[in-house]
Amino acid sequence: KMKLIFEKSVPGRRCAILPACDVESVSLPVSLRRETKPALPEMSETDISRHYTELCKQVHGVNCGFYPLGSCTMKYNPRIDEEMAALPGFTGVHPLSPAEDREGMRQVLDTAAQYLCEITGMDAMTFQPAAGAHGEFTGVLLIKQYHDARGDKKRTKIIVPDSAHGTNPATAAMCGYDVVNIASGPDGCVDLDALRAALGEDTAGLMLTNPNTVGIFDRNILEITRLVHEAGGLCYYDGANLNAVMGVVRPGDMGFDCIHMNLHKTFATPHGGGGPGAGAVGCKAFLREYLPHSALAEELGHIQVRSFQGNFLVVVRALAYLLTLGREGIPEAAENAVLNANYLMARLKGTFTPAYDRLCMHEFVLDLSGLKKETGVSALDVAKSLIDEGIHPPTMYFPLIVHEALMLEPTETEGIETLDHAAEVLRRLYQKAFEDAESMHTAPHHTPIGRPDEVRAARRPVVRWRPEG
């Protein structure tokens, strides 16, 4: 078991020598001083380096191996994007500095907005939201502002399909709306009859992902948005799955009025622990006036959802990605993502059962309910067993409309050798379920932590270290 850095601390050990103070020294009043020194770890530079290297070895990222986490687009982040974001002119600028010092910053934001509006079919863009869910929140607030400005107070409901990302109903509720859940049809797409039944004068809008969470492009998308508009509602596009269609088809052309994008998914900026993220929000012209403004020095006082222009260096990374791939490369990336997903699904068919056996987009869902019934091995067991094989688990038990679901998204940055290896490993684990189910119930076996008590961890989390005594 690896020790915490606090447990490795040795009193009096140091790793830095500070230069002599070259400014006037000022002491705090006694009343403001600590009575005891902070309990910070005391270590040498060598020990610190080894500690974080050891931690790094215990983390599985896209630089370690296959990472098919469905709907999350965990793809490789090109190093050139990082180099651009590290340029001193970008890292050293402050949004409250004189306007002439921010011309490059403004050009980056305006150029990125122009390209993303073109890709999405929107007319205006803001980069303030800090991540995807924050972008959802901003997008639904646009819908709310639109109805409120027209005095249409009766629109109190947001329609959300049962296959939606969990943040969708949460976002609608946070914005003060009642959530109306509608069922999916047998094809995994929106049930048009259920949608018609849910629509009415109280409909504020619809939150939808297309392609949806099971990786299928809804053939009725134009009819769906038409019905919502006919009822007086607006259509919000969850851009989590934009990686499958960027440069090929535009949400704005599907009839959507606003959209959020996960720049840290679709446009190859760091994701998760490598963040921060960015949830850029775009909208049609009639919603432009409700967008939060940039809050740069000359624009203070406007509506904001976050300080200044959001996570600016994430936008730099995304723009570098857009400029590198260009008009031809962006749709090619989407097409390769779709190709990889269909290739991997085809390699697994005949062993595993796809939840929807049809052409998928960027991801697909396997239904392991049959395997569990025959062997007792669950989707969780298979996912945990993949860890021992050097493969990050796919998304488990989502969407809820598929029991014993495993959702795989290989992304466009994986080669055929990786996909073949993943298919081989999964087929081998399928056979192992019949031969040695017990070892799969207790997997993983070769990691620092096996299967933590997730319920206890959620209810009684230990998130800080306390010294003994």
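The values are calculated or read from the model by the stated rules, or taken from the named source; none is laboratory data. This one's a predicted model, so the numbers in the text were calculated from it and none came from an experiment. All Cβ positions, glycine included, derive from the backbone under ideal geometry; neighbour counts span all protein chains shown. Quick note on the areas: whole protein, heavy atoms, side chains included, nothing else; ligands and nucleic acids left out. Shrake-Rupley method; radii C 1.70, N 1.55, O 1.52, S 1.80 Å.
Candidates are the residues of segment 1-42 that are more than 27 Å from residue 449 (Cα to Cα) and of a type in the set (Asp, Glu); the one that is most open to solvent (accessible area, probe 1.4 Å) is 35.
The set of residues in segment 270-311 being open to solvent by less than 20 Å² (accessible area, probe 1.4 Å) and modelled with pLDDT of 80 or more consists of 277, 278, 279, 280, 281, 282, 283, 287, 291, 292, 309, 310.
Has segment 43-50 got any residue that is among the charged types (D, E, K, R) and either assigned to a loop (DSSP other than H, G, I, E, B) or exposed (fewer than 10 other Cβ atoms within 10 Å of the Cβ) (or both)? No: segment 43-50 contains no residue that is among the charged types (D, E, K, R) and either assigned to a loop (DSSP other than H, G, I, E, B) or exposed (fewer than 10 other Cβ atoms within 10 Å of the Cβ) (or both).
For first residues located in segment 457-469 and closer than 17 Å to residue 38 by Cβ, partners that are part of a loop (DSSP other than H, G, I, E, B) and open to solvent by less than 100 Å² (accessible area, probe 1.4 Å) and lie 6+ apart or on another chain with Cβ distances below 7 Å form the pairs 465/4; 465/6; 467/39. In segment 51-82, the qualifying residues are those that are in contact (Cβ under 8 Å) with a residue 60 or more places away in the chain and part of a helix (DSSP H, G or I), and the one that is most open to solvent (accessible area, probe 1.4 Å) is 80.
Only a single criterion out of (1) in a loop (DSSP other than H, G, I, E, B); (2) more than 22 Å from the chain's Cα centre (by Cα); (3) of a type outside the set (A, V, I, L, M) is not satisfied by residue 163, namely (2). Collect the residues in segment 363-389 that are more than 25 Å from residue 217 (Cα to Cα) and either open to solvent by 40 Å² or more (accessible area, probe 1.4 Å) or hydroxyl-bearing (Ser, Thr, Tyr) (or both), keeping them in residue-number order. Across segment 363-389, the qualifying residues are 372, 373, 374, 375, 378, 380, 385, 387, 388, 389. With respect to (1) more than 30 Å from residue 160 (Cα to Cα); (2) in contact with a strand residue (DSSP E or B) (Cβ under 9 Å, 6 or more places away or on another chain), the lone exception for residue 341 is condition (1).
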